[in-house]
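In what follows, a structure is listed as structure tokens, so that the remarks can point back to it.
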Amino acid sequence: MILIHCPYCEEDRPEVEFTYGGEAHIARPLDPGALDDRQWETYLYIRRNPRGAHAERWRHAHGCARFFNAVRDTVTDRFEVTYKTGEPRPAGDTK
Amino acid sequence: MLEIAPMAVAGIDLKRGSQPITGAVYGLPVTLAPAAPLVRWSLRAKDAALLSVALGRTLPDRVGTHHDGIARLGPDEWHGLLPLGTTLPAVSGQPLGMVDVSARSVGFTLEGPGAVAALTRGCPLDVAKFTPGRATRTVFETVEIQIWCLAPDRFHVEVWRSFAPWLWHALAEAIG
Ligand SMILES: [Zn+2]
């Protein structure tokens with residue numbers, strides 16, 4: 001089982017306590033009504049889907065219940081770093 | 001405030017009986033029993049100091065610990081397990097959530113040298129490192145629970161009422 005470091009609990013916790021929340025750092029448009037269909041589609045559906053380091057949201061659902069962000073390698077499934085919601089993606093996490 | 005019937009707090013039909021069960025895991029004895037009825041609070045606040053003042057209680061600092069009947073489940077969430085008759089202070093106009101949820105969950109105790117091993121049968125945490133004073137939400141098999149370590153070989157397990165009969169059976173199997 002993978003252990004994930006929760007930045008709020010400040011400890012490594014078992015994977016089954018967590019749920020995945022999709023790509024991180026996608027801000028909801030402040031005025032959706034001002035967007036055309038293509039822009040709204042891009043916000044809703046278009047994701048980077050990289051091979052390698054991916055910044056993504058996770059929720060410690062069966063722990064502290066908080067959302068946080070993680071950089072995970074989509075090839076190895078290895079968690080490189082986790083950080084609190086609102087913090088920027090750490091520099092130098094990509095290999 | 002909503003009055004909660006005493007039966008809702010105390011009574012729980014565990015289907016397979018609710019008498020304490022003593023078993024063993026790896027030869028280490030352990031007893032599973034329903035916990036005494038308790039008052040339960042759900043407490044939410046961005047500012048822990050404000051909540052502490054409103055309650056007139058010292059709250060546990062670290063996420064994952066309990067102190068004086070209150071566990072810090074997350075940075076903005078606490079759960080109280082307090083003696084029957086304890087009442088929430090009447091506070092209004094403050095950015096706090098303080099709700100009596102006494103009937104929402106029930107408690108079990110696991111006590112004895114086999115308590116850690118019994119929990120480990122269904123809980124993915126490293127329970128052996130879970131020392132007195134620790135408390136957290138986690139899972140047992142597929143059911144969400146809270147475990148509070150009260151002493152090296154004594155744990156309080158908190159579970160939502162509708163899952164309680166299942167968990168009681170699962171724990172009985174784990175120590176049987
Ligand atoms: Zn956490």
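Here is how the numbers come out for the structure above:
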{"read-out": "Net +/- balance of residues flanking A:Phe18 in space, Cβ distance below 14 Å, scoring K and R +1, D and E -1", "value": "-1"}
{"read-out": "Tail weight of P(r) past 22 Å, computed on alpha-carbon pairs of chain B, percent", "value": "44"}
{"read-out": "Highest average packing first - B:29-42, B:48-61, Cβ atoms within 10 Å", "value": "B:29-42, B:48-61"}
{"read-out": "If the convex hull is drawn through the Cα atoms of region A:40-95, its volume per residue in Å³", "value": "111"}
{"read-out": "For the protein assembly as shown, alpha-carbon Rg over 2.2 N^0.38 Å", "value": "1.15"}
{"read-out": "Cα centroid of region A:1-68 to Cα centroid of region B:76-111, whole Å", "value": "31"}
{"read-out": "Rg and Dmax [Cα atoms of region B:39-100; Å; Rg one decimal, Dmax integer]", "value": "10.5, 29"}
{"read-out": "Peptide B:61-72, shielding by other chains (average Cβ, 10 Å cutoff)", "value": "2"}
{"read-out": "Shielding by partners - mean other protein chain Cβ count within 10 Å, residues of A:59-69", "value": "4"}
{"read-out": "Tail weight of P(r) past 22 Å, computed on alpha-carbon pairs of chain A, percent", "value": "34"}
{"read-out": "Listed peptides B:104-113, B:85-94 by packing density, highest first (mean Cβ within 10 Å)", "value": "B:104-113, B:85-94"}
{"read-out": "Largest-first principal axis extents, alpha carbons of region B:133-176, Å", "value": "27, 22, 15"}
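Rule-based calculations on the coordinates, nothing more; no lab input. Here the structure is a predicted model, which is why all the values come from computation and not from measurement. When we count neighbours, we look across all protein chains shown, and the Cβ atoms used for this are built from the backbone with ideal geometry, even at glycine.
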